[in-house]
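Here's the structure, in structure tokens; my notes come after.
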Amino acid sequence: MFDLLIQNATLPDGRKGIDIGIRDGAIAAIEPALDAQAGEVIDAKGLLVSPPFVDPHFHMDATLSLGLPRMNVSGTLLEGIGLWGELRPMLTHEALVERAMRYCDLAVSKGLLAIRSHVDVSDPRLVTVEAMLDVREQVAPYIDLQLVAFPQDGYYRGPDAQSALERALDMGVDIVGGIPHFERTMADGARSVEALCRIAADRGLMVDMHCDESDDPMSRHVETLAQQTVHFGLQGRVAGSHLTSMHSMDNYYVSKLIPLMAEADLRVIPNPLINMMLQGRHDTYPKRRGLTRIEQLMQAGLTVGFGQDCVLDPWYSMGSGDLLDVAHMAVHATQMGSGADKTAFFEAVTTNSAKIMGLEGYGLEVGCHADMVLLQAKDTAEAIRLRPARLKVIRRGKVISQTAPAISQLSLEGRSPTVDPSDYAPLHPF
Ligand code: FE2
């Protein structure tokens, strides 16, 4: 007897006609044609059932603040940082919580049930930290929210950042952040990487740094990050976010760098939406794309998870809470459009990011949490192409969000066809 039985699902690995039996909030069975009674039955009708989407890089304290106190005119990262600095003294606990909770509702509707959010610790009041800790507790029943102590204005450059970062960790923030390319000098940046990795090693925490988010090929802090990861024995516990300078680096240097990153088991978090928007801003023509070397990093066996970074904030006036938007952009920006590429990119917004966050009980296997999403798509490639409705979002065996399928009824000359975007396939008439 199951509490919930999902019938006739297609799984991300391509298996079709799979039933998923759920008991006590966990997956009790997952195989074809399960023969058992259930309190509730959902017919997946051959559509894709995926584990939840996971966003390993976000800014929950800044989301939904677009236009406050003014718009980013140049559209650059640096004006965004300046703009956030203008808004920071005006932030209140109530407004931060309200915006974050509203965003989390949107996330759930998109099947996004785990988020790693950087939290700015540049203001020693730490109102951002208090608010995000509050949000983490409130959303815990339905979203795994990890928080990173992020010195937005620089660990050494920001006047109070060193003590504020330690206090944020004392208050319960999970992960050590950093921004070495924003320190005053390359030397300060390297020093910050060492100091922050030391803090993580001493406290037994993970590290996730904004690293080399520029088009400057000489921004090489990722090398220091990998080396310090090995030095402190933090392999597999350190992530480099963005790494966009790698796009512009010399190929010989990269041929030496990537093996070092692999040796450190460095986790890589590109943010295709925001990087396509922010990078190459100092170029005239041709304009570089600025996204890190996703194809080479994946080929080298590094764990790559895609982040969303921003939704309606000083850096990005777009965003929808949908990790499939991120994967969709990645296909175009990397020119990686094969079936295998799409499989890899679906993993980049699900299993890889879950691995980066260290989520326990994640996945579609017996014994895992009964967390999953039924999509209006037949497989993972179609999910990335269509970014379809999340028909059911399930957390611990309970449906927590439902969306009606997008089906259009047309009235044309002598015909009234119904259009279901998930029912389209190439036509081969010959
Ligand atoms: Fe970020």
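Please note which helices (runs of 4 or more DSSP H) are completely contained in region 209-291 and include at least 2 residues that are within 16 Å of the ligand (Cβ to nearest atom) and free of Cβ contacts under 8 Å to residues at least 60 places away in the same chain.
221-231, 272-278
Any residue in region 178-204 that's hydroxyl-bearing (Ser, Thr, Tyr): show its pairings with residues that are surrounded by fewer than 24 Cβ atoms within 10 Å (Cβ to Cβ) at Cβ separation under 6 Å, as long as the two are six or more apart or on different chains.
192/156; 192/183
Here are some residues: 213, 166. Which one is surrounded by fewer than 20 Cβ atoms within 10 Å (Cβ to Cβ) and assigned by TED's automatic domain parsing to the domain that holds residue 122?
The match here is 166.
For region 194-204, state whether one or more residues are in contact with a strand residue (DSSP E or B) (Cβ under 8 Å, 6 or more places away or on another chain) and within 16 Å of the ligand (Cβ to nearest atom).
yes
Would you please name the residue that is nearest to residue 241 (Cα to Cα), looking only at residues in region 303-358 that are away from the ligand (no atom under 16 Å from the Cβ) and among the hydroxyl-bearing types (Ser, Thr, Tyr)?
303
Can you tell me which residue among 156, 142 is within 20 Å of the chain's Cα centre (by Cα) and outside any helix (DSSP H, G or I)?
Going through 156, 142 in turn, just one is within 20 Å of the chain's Cα centre (by Cα) and outside any helix (DSSP H, G or I): 142.
Take the residues in region 316-353 that are over 29 Å from residue 257 (Cα atoms) and hydrophobic (A, V, I, L, M, F, W, C), then tell me which one is surrounded by the fewest Cβ atoms within 10 Å (Cβ to Cβ).
318
Just one of 341, 379, 325 is without any contact (Cβ under 8 Å) to a residue 60 or more places away in the chain and closer than 30 Å to residue 299 by Cα; which is it?
Only one candidate passes the filter, namely 341.
If you check residue 35 against the conditions, is it under 27 Å from residue 379 (Cα atoms) and modelled with pLDDT under 95?
Yes: the conditions hold for residue 35.
Residues 131, 114, 168: which one is in a helix (DSSP H, G or I), more than 16 Å from the ligand (Cβ to nearest atom), small (Gly, Ala, Ser) and in contact (Cβ under 8 Å) with a residue 60 or more places away in the chain? So that I can check it myself, show each step before the final result.
Details: 114 fails: in a helix (DSSP H, G or I); 168 fails: in contact (Cβ under 8 Å) with a residue 60 or more places away in the chain.
The unique qualifying residue is 131.
For region 180-201, check the following and say yes or no: at least one residue is assigned to a strand (DSSP E or B), more than 30 Å from residue 398 (Cα to Cα) and modelled with pLDDT of 95 or more.
Start the filter on region 180-201 by keeping residues that are assigned to a strand (DSSP E or B), which leaves none.
Scanning region 180-201 turns up no residue that is assigned to a strand (DSSP E or B), more than 30 Å from residue 398 (Cα to Cα) and modelled with pLDDT of 95 or more.
Residues that are within 16 Å of the ligand (Cβ to nearest atom), at least 1 per element: which strands (runs of 3 or more DSSP E) completely within region 15-91 meet that?
Result: 53-58.
Could you tell me which numbered condition residue 340 fails, if it satisfies all but one of (1) in contact with a Gly (Cβ under 9 Å, 6 or more places away or on another chain); (2) within 30 Å of residue 374 (Cα to Cα)?
Among (1) in contact with a Gly (Cβ under 9 Å, 6 or more places away or on another chain); (2) within 30 Å of residue 374 (Cα to Cα), residue 340 violates only (1).
Is it true that residue 93 is under 18 Å from the mean Cα position of the chain (by Cα) and at pLDDT 95 or above?
no
Only one of these conditions is not met by residue 384: (1) touching a residue at least 24 places away in the same chain (Cβ under 8 Å); (2) over 30 Å from residue 24 (Cα atoms); (3) in the same structural domain as residue 207 (by TED's automatic domain parsing). Which number is it?
Every condition holds for residue 384 apart from (3).
Which fully enclosed strands (runs of 3 or more DSSP E) of region 325-429 have 3 or more residues being among the aromatic types (Phe, Trp, Tyr), within 30 Å of residue 140 (Cα to Cα) and in contact with an Asp or Glu (Cβ under 6 Å, 6 or more places away or on another chain)?
Output list is empty.
The values are calculated or read from the model by the stated rules, or taken from the named source; none is laboratory data. Treat the numbers as computed from the prediction; the structure is a model and nothing was measured. Because the Cβ atoms are built from the backbone with ideal geometry, glycine has one as well, and the counts that use them run over all protein chains shown.
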